[in-house]
Amino acid sequence: MVLSEIYTTLQSIQVTTPDIHQVYLHNNLTNQSTLITSSSPQRAYRSEAYRKIEKFGQGVTAIESVHPLHSYGFPTSPSNYTDRKVITLYRSIVNIPDTKQLALLAIDVRLDGINAICDQLYENSSENLYLIDDKGNVIYSHNEEEIGSPMPNLKILSMVKQHGEQGYFDDKDAMNIFEKLDTSFASWILVKQIPHKTLYQQSTQLVSLNAIIAVLALLTVIIGTLYISIRITRPIKQLTNYINVVQAGNLDVDIQVTSPDEIGILAPLQANDGHDQQPHPEGISARIS
């Protein structure tokens, strides 16, 4: 009766939570190991558990970081995902207040749930995200090949440990923002890297836009200044040339001044031959004889 209840409980754990891939239990009292998977369960008598909790931490709970899926010494079936990576949660079954281990429970958790959460925390096209444990092993990375391996940049892990529970620091290529996620059984660190080119992208675009506007404004001022200068100086130069010709003694000169402004009014005064002439509003044509 007790064995059937244990089996039912293990099967409920494996079925009710989608992220749980398999459940393993070793009973130290009966030396029986049980593995519950999506396929048929397996049992065997062994002198000790396939894993020992002391290898991964102190206390009644521990966690084994990302590692390839294994079958706890049982024969593998064709339906097993041997290339899948999982995280294993260990729990010692004790009779409180006694600390003697009666059984060891191990739960293999798929990374799908962790990946789904982490994917929402950064922009994959322009940022990097790491979830690492306190030993520097990568639990999640924007680069799937790094998952389950030591942190490629150990300097980041060292800087995180120096800056407390949360904060940020700048390195050569990126701004690093981190936060420690402490639980009762594990201490993980979430690190988000924002490259400098991404961080300053909007500022660079704003500076470029301001530079373009400044250049266009300068060109407008230059063109306007040249236009106004030409409009003012051209009639004056034209009238000066006529005056020089008259002073040279050539009184038979045809003065054509088409300016409707003060220069146009001044032209007939210079070319006055004793006849009353009225300046034409569109310009002056005068002839000295």
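Observations, loosely collected:
Here is a yes/no grid of residues against (1) more than 30 Å from L29 (Cα to Cα); (2) of a type in the set (F, W, Y); (3) surrounded by 18 or more Cβ atoms within 10 Å (Cβ to Cβ); (4) at pLDDT 90 or above:
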residue: P78; (1), (2), (3), (4): yes, no, no, no
residue: T88; (1), (2), (3), (4): no, no, yes, yes
residue: L104; (1), (2), (3), (4): no, no, yes, yes
residue: I117; (1), (2), (3), (4): yes, no, no, yes
residue: D171; (1), (2), (3), (4): yes, no, no, no
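- Scanning region 1-37 for residues that are closer than 23 Å to I87 by Cβ, of a type in the set (S, T, N, Q) and surrounded by 12 or more Cβ atoms within 10 Å (Cβ to Cβ) turns up T9, Q11, S12, Q14, T17, Q22, S33, T34, T37.
- Residue check, T61 under 26 Å from L3 (Cα atoms) and either crowded, with 17+ Cβ neighbours inside 10 Å or touching a Leu at 6+ places or on another chain (Cβ under 9 Å) (or both): yes
- Residue in region 229-236 that is within 38 Å of the chain's Cα centre (by Cα) and either part of a helix (DSSP H, G or I) or surrounded by fewer than 10 Cβ atoms within 10 Å (Cβ to Cβ) (or both) present: no
- Counting only strands (runs of 3 or more DSSP E) that sit completely within region 1-100, those holding 2 or more residues that are farther than 25 Å from S187 by Cβ correspond to 20-27, 32-36, 42-45.
- S141 passes every criterion in (1) in contact with a helix residue (DSSP H, G or I) (Cβ under 7 Å, 6 or more places away or on another chain); (2) not assigned by TED's automatic domain parsing to the domain that holds N27 apart from (1).
- Criterion (over 27 Å from G148 (Cα atoms), loosely packed, with under 15 Cβ neighbours inside 10 Å and not small (G, A, S)) met by exactly one of D83, D112, D98: D98
- Being at pLDDT below 75, of a type in the set (S, T, Y) and touching a helix residue (DSSP H, G or I) at 6+ places or on another chain (Cβ under 9 Å) is a description that applies to S259.
- Taken over region 161-210, the criterion of being part of a helix (DSSP H, G or I) and either under 18 Å from N137 (Cβ atoms) or over 14 Å from the mean Cα position of the chain (by Cα) (or both) is satisfied by K161, Q162, S203, T204, Q205, L206, V207, S208, L209, N210.
- Filter pass, N124 being more than 30 Å from I93 (Cα to Cα), exposed (fewer than 12 other Cβ atoms within 10 Å of the Cβ) and at pLDDT 85 or above: no
- L190 being in contact (Cβ under 8 Å) with a residue 24 or more places away in the chain and touching a helix residue (DSSP H, G or I) at 6+ places or on another chain (Cβ under 9 Å): yes
The values are calculated or read from the model by the stated rules, or taken from the named source; none is laboratory data. Keep in mind that what you see is a predicted model, and the values were worked out from it rather than measured. Here the Cβ is made from the backbone with ideal geometry for all residues, glycine too, and neighbour counts use every protein chain on show.
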